[in-house]
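The values are calculated or read from the model by the stated rules, or taken from the named source; none is laboratory data. Treat the numbers as computed from the prediction; the structure is a model and nothing was measured. For neighbour counting, all protein chains shown are included, and Cβ atoms are generated from backbone atoms with ideal geometry for every residue, glycine included. Just so you know, the surface numbers come from the protein's heavy atoms only, side chains and all, with ligands and any DNA or RNA stripped out. Shrake-Rupley method; radii C 1.70, N 1.55, O 1.52, S 1.80 Å.
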Amino acid sequence: MPENNKNKKNKLAFTKASNTPVSNKKNQKPAKTSNKIEPKRKTKPLSDDILKLTEQIAKKTNKPAQVIQNKNETGKNKVSARRTAPVKITALGGLGEIGKNLYVFECSGDMFIADCGLAFPDEDMLGVDIVIPDFTYLEKNKERFRGIVLTHGHEDHIGGLPYLLKKINVPVYGTKLTLGLCEGKLREHGILNQCSLNVMQPRQNVKLGCMSAEFIRVNHSIPDACALAIHTPAGIIVHTGDFKVDYTPIEGGIIDLARFGELGNKGVLALLSDSTNAERPGYTMSERKVGDSFRNIFGSAEHRRIIVATFSSNIHRVQQIIDNAALYNRKVAISGRSMVNVINKAIELGYIKISNNLLIDIEQVNKYPPESVVIVTTGSQGEPLSALSRMSAGDHRQVTITPNDLVVISATPIPGNEKTVGRVINDLMKSGAEVVYEAMYEVHVSGHACQDELKMMLSLTKPKFFIPVHGEYKHLVKHAQLAVKMGIPEENIFILDLGQQLETDSAEMKTVTQVTAGKVLVDGLGVGDVGTVVLRDRKKLAQDGLIIIVATIERESKMLVSGPDIVSRGFVYVRESEILMDEARELMEDTILKALNSGANGNLINTAKNNMRDEMSDFMFRKTKRSPMILPIMMEI
């Protein structure tokens, strides 16, 4: 059961000499921790902001401020060198990619996972809806699982949860909004009633076998985001989840930097930290900066209708749109299934505040003058079936783009989506609308920490070992380089591949094995039935088209009684290529007759089909320099 970290008895005590974790036995008092400040060493200068912040945290916690400044000050005296029961860390998603985050922690026969997300398909994954992690390793160890802990409610952290819970039914722990968003997904999959969802608060701790997970408030682009302090027999492992430092958040408190400082002073064994913005210097701007931009845009819109596209999960952004709509006496309409679902849940749970008369149905937008309406929609990434894409193509049933529209795309294109977003912008402009996007105005800020915030996290936690997570490989490498500059020895930094398993016994950390990991493709109701072969065929069909050859033979007489008929799909238009099709038909007739007269009785059909495929493929490549998929169909009577 969840328990408040402030009120519960400490599971571990630390010895004065080395802060070594030892079990609390009956009548045994925790050893006192020394507050003696160690002699200063010559160190590299850090930014004034980081030094001031650590000093403030030290005053709050009544402990000396110790900042990692060189390789000799990495907190090695804070983490025990005594060997303990080994703890294993495995990433089944979220490394070398953006999406499908899933991290496994295990010790002494107990296991739990942090997050279970999805990723969106690449361009070459034709027809695929979503991508989820490979759960093979989890299924093999399902008897050892003690729970699933969620850091926040974004799709790349909770989207794979229904697929996992169908295989491994264990308790799920998360904050109120995170679990509220999970409820809708589990209901769609018909498994909500059989799932155990447990609401947690920041600073609360949930026991998971011999380990426990403590929730720590962080700022992100969705409310109720938390980092995790994982208390293990080997030491404390901090997993930041997605975070940034926002001193003026739209909702809730600021990131709990004091708690990170407390953990750092106790001794952090390992830090797993968000690497998404590791290439960006400085700090991430506050979400309120977007609110200021919205205020200027709404004020200058005059008699135009405003359409704002953003991520459905960016509740802070939606709240600022609603606030500015109320300020300028505009009604708010919601378009897009995911946007409607998330906003309804956020209103229900109290994370979005809106007056009853401000929200109207999308069906009613044409009943109001343009200057009285704001439409909040999905499609900021140019998704082909999203509401904004349908508006730009003129396919939306309720909204038609006109020169009297001001469209604001309040998001940054995810890598790979630049072309689709650009296409949507072009189509909107062709319809006469004015389009505002991030490159022009500050209508989007990231939810992820930039370099100075990442340095701050390293300074506060002072980890012995460092594992960059959540990012493409270049992000992980850049984050590792930052850690080296902050004094973490290179041999204590691990850039992992998916499925690569780390093991630590407090004294050392090393890679021990490789477990099954990868991608499972979801296409409609099919999970995993679309693999490499199917994708290869789909790609070939999309690129070169298909030719079907149909013929009927009589086995006894070995005569061709019907056909061959040739059907082309996605290759050439038959009516405009009659000469080519006639030549191909004659070639196939000769090929079939040769096969019938070859005397191959046992494999007559297979021989004929293979010969037809080879001859047609060679013929079409000679004539067109294309290689369509050839599908021969032989029937016998």
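You will find that of Ile130, Ile148, Ile158, Ile113, the residue that is open to solvent by 10 Å² or more (accessible area, probe 1.4 Å), touching a residue at least 12 places away in the same chain (Cβ under 8 Å) and of a type in the set (A, V, I, L, M, F, W, C) is Ile130 and no other.
In the range 506-531, the residue that is surrounded by the most Cβ atoms within 10 Å (Cβ to Cβ) out of those that are closer than 30 Å to Ile488 by Cα and free of Cβ contacts under 8 Å to residues at least 40 places away in the same chain is Glu508. When Ser598, Ser562 are checked against the criterion of being loosely packed, with under 15 Cβ neighbours inside 10 Å, among the small types (Gly, Ala, Ser) and touching a helix residue (DSSP H, G or I) at 6+ places or on another chain (Cβ under 8 Å), a single residue qualifies: Ser598.
Tell me, please, whether a residue that is in contact (Cβ under 8 Å) with a residue 40 or more places away in the chain and in a strand (DSSP E or B) can be found in the range 444-463. Let's see the steps before the verdict.
Keep residues of the range 444-463 that are in contact (Cβ under 8 Å) with a residue 40 or more places away in the chain, which gives 444-463.
Now restrict to residues that are in a strand (DSSP E or B): none.
The answer is no, given that none of the residues of the range 444-463 is in contact (Cβ under 8 Å) with a residue 40 or more places away in the chain and in a strand (DSSP E or B).
For the structure I just gave you, tell me whether Lys625 is open to solvent by 80 Å² or more (accessible area, probe 1.4 Å), modelled with pLDDT of 80 or more and not acidic (Asp, Glu).
Working: open to solvent by 80 Å² or more (accessible area, probe 1.4 Å): yes; modelled with pLDDT of 80 or more: yes; not acidic (Asp, Glu): yes.
Here the answer is yes, as Lys625 does meet what is asked.
The set of residues in the range 196-211 being in a loop (DSSP other than H, G, I, E, B) and buried (at least 21 other Cβ atoms within 10 Å of the Cβ) consists of Met200 alone. If you go through the range 221-234 and keep only what is in contact (Cβ under 8 Å) with a residue 60 or more places away in the chain and open to solvent by less than 10 Å² (accessible area, probe 1.4 Å), you end up with Ile222, Pro223, Ala225, Cys226, Ala227, Leu228, Ile230, Thr232, Ala234.
From Leu118, Leu95, grab the single residue that is modelled with pLDDT under 95, crowded, with 17+ Cβ neighbours inside 10 Å, touching a strand residue (DSSP E or B) at 6+ places or on another chain (Cβ under 8 Å) and closer than 20 Å to Gly382 by Cα. Show your work before the answer.
On the way: Leu95 fails: closer than 20 Å to Gly382 by Cα.
Just one listed residue meets the conditions, Leu118.
Picking from residues in the range 415-444 that are open to solvent by 10 Å² or more (accessible area, probe 1.4 Å), modelled with pLDDT under 90 and in contact with a helix residue (DSSP H, G or I) (Cβ under 9 Å, 6 or more places away or on another chain), the one that is farthest from Tyr103 (Cα to Cα) is Tyr441.
Which of the strands (runs of 3 or more DSSP E) found entirely inside the range 304-413 contain at least 2 residues meeting this: open to solvent by 10 Å² or more (accessible area, probe 1.4 Å) and either more than 26 Å from Thr276 (Cβ to Cβ) or modelled with pLDDT under 95 (or both)? Break it down into steps so the answer makes sense when it comes.
Details: elements: 305-309, 331-335, 373-377, 405-409.
Here the list reads 331-335.
Determine whether the range 267-286 contains at least one residue that is in a helix (DSSP H, G or I), of a type outside the set (Gly, Ala, Ser), open to solvent by 10 Å² or more (accessible area, probe 1.4 Å) and out of contact with any His (no Cβ under 9 Å at 6 or more places or on another chain).
We begin by selecting, within the range 267-286, every residue in a helix (DSSP H, G or I); these are none.
No, there is no match, as no residue in the range 267-286 is in a helix (DSSP H, G or I), of a type outside the set (Gly, Ala, Ser), open to solvent by 10 Å² or more (accessible area, probe 1.4 Å) and out of contact with any His (no Cβ under 9 Å at 6 or more places or on another chain).
For the range 183-195, a residue qualifies if it is surrounded by 16 or more Cβ atoms within 10 Å (Cβ to Cβ) and either under 26 Å from Thr461 (Cα atoms) or charged (D, E, K, R) (or both), and exactly one does: Lys185.
Name the residue, out of Ile132, Ile158, Ile98, Ile113, that is closer than 14 Å to Ile230 by Cβ and in contact with a helix residue (DSSP H, G or I) (Cβ under 8 Å, 6 or more places away or on another chain).
On the way: Ile132 fails: closer than 14 Å to Ile230 by Cβ; Ile158 fails: closer than 14 Å to Ile230 by Cβ; Ile98 fails: closer than 14 Å to Ile230 by Cβ.
Exactly one of Ile132, Ile158, Ile98, Ile113 is closer than 14 Å to Ile230 by Cβ and in contact with a helix residue (DSSP H, G or I) (Cβ under 8 Å, 6 or more places away or on another chain), namely Ile113.
Only a single criterion out of (1) out of contact with any Lys or Arg (no Cβ under 9 Å at 6 or more places or on another chain); (2) open to solvent by less than 10 Å² (accessible area, probe 1.4 Å); (3) among the charged types (D, E, K, R) is not satisfied by Glu214, namely (1).
Need the failing condition index for Glu503 against (1) open to solvent by 40 Å² or more (accessible area, probe 1.4 Å); (2) part of a strand (DSSP E or B); (3) on the phi < 0 side of the Ramachandran plot; (4) free of Cβ contacts under 8 Å to residues at least 60 places away in the same chain, just the number. Exception for Glu503: condition (4).
Looking at Ile250, Ile254, which is the one that is modelled with pLDDT under 95, open to solvent by 20 Å² or more (accessible area, probe 1.4 Å) and within 21 Å of Ser312 (Cβ to Cβ)? The conditions single out Ile250.
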